[in-house]
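The values are calculated or read from the model by the stated rules, or taken from the named source; none is laboratory data. Predicted model, so just to flag it, every value in this text is computed and none were measured. Cβ sites come from the backbone with ideal geometry, for glycine too, and all protein chains shown count toward neighbours. Quick note on the areas: whole protein, heavy atoms, side chains included, nothing else; ligands and nucleic acids left out. Shrake-Rupley method; radii C 1.70, N 1.55, O 1.52, S 1.80 Å.
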Amino acid sequence: PEITAFHLRKRGHDLRGLDDNDLKQVPVLPEGTRLQQGATYVDLTRAEPKEFTATADMKAERGHAYSPKDQVPYEVWNRLIGEPKPGQ
């Protein structure tokens, strides 16, 4: 079963007041998954999630929760990283 940010909230992570429907649209990579070089991700375990670009040798590590930007609706992504756009 795919893990999403919704599961992280159930484990006690605070995810910026996003509602359950938003969180269910945010996939979390399984531990050990190689991150795609040049792709944008966010680590949902950080107190202030920030976008980062993966390098060739990165993989999803234990204790982190990486979500790929290209699999998250942009409105949800912007709220997730704390950059809501007008009207959101």
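Computed with a 1.4 Å probe on the full set of protein chains, the accessible area for Val72 sits at about 10 Å².
Of the solvent-accessible surface of the chain, computed with a 1.4 Å probe and all protein chains present, 46% belongs to carbon and sulfur. Straight-line reach from Lys59: taking Cα to Cα under 18 Å and skipping same-chain neighbours fewer than 8 places apart, the aspartates and glutamates in range are Glu2, Glu31, Asp43, Glu51, Asp70.
Sorting Ile81, Ile3 by accessible area (1.4 Å probe), largest first, what list results? Walk me through the intermediate numbers first.
Values: Ile81 20, Ile3 65 Å².
Listed by decreasing accessible area, they come as Ile3, Ile81.
Note down the net charge around Thr40, summing +1 for each Lys or Arg and -1 for each Asp or Glu among other residues with Cβ under 14 Å from its Cβ.
Working: positive: Lys50, Lys69; negative: Asp43, Glu51, Asp70, Glu83.
Once all neighbours under 14 Å are counted, the net charge is -2.
Per-residue 3J(HN,Hα) values for the range 26-32, derived from phi via the Karplus relation 6.51 cos²θ - 1.76 cosθ + 1.60 with θ = phi - 60°, read 10, x, 10, 5, x, 3, x Hz in sequence order (x marks Gly and Pro). Around the amide H of Lys59, modelled in the peptide plane, lie the amide H atoms of Leu35, all under 5 Å away and 5 or more residues distant in sequence or on another chain. Of the labelled figures (i) 6.8; (ii) 6.4; (iii) 5.6, only one reflects mean projected area of the Cα convex hull in nm² as derived from the coordinates, namely (iii). Excluding ligands, DNA and RNA, the accessible surface per residue across the chain is 63 Å² with a 1.4 Å probe.
Were the residues from Asp70 through Lys50 laid out at 0.36 nm apart, the gain over their Cα-Cα distance would be 5.7 nm. Segment Ile81..Arg34, full-extension length gain: 14.7 nm, with 0.36 nm per residue of separation and the alpha-carbon distance subtracted.
Other residues lying with their Cβ under 15 Å from the Cβ of Thr55 contribute a combined charge of -2, Lys and Arg counting +1, Asp and Glu -1.
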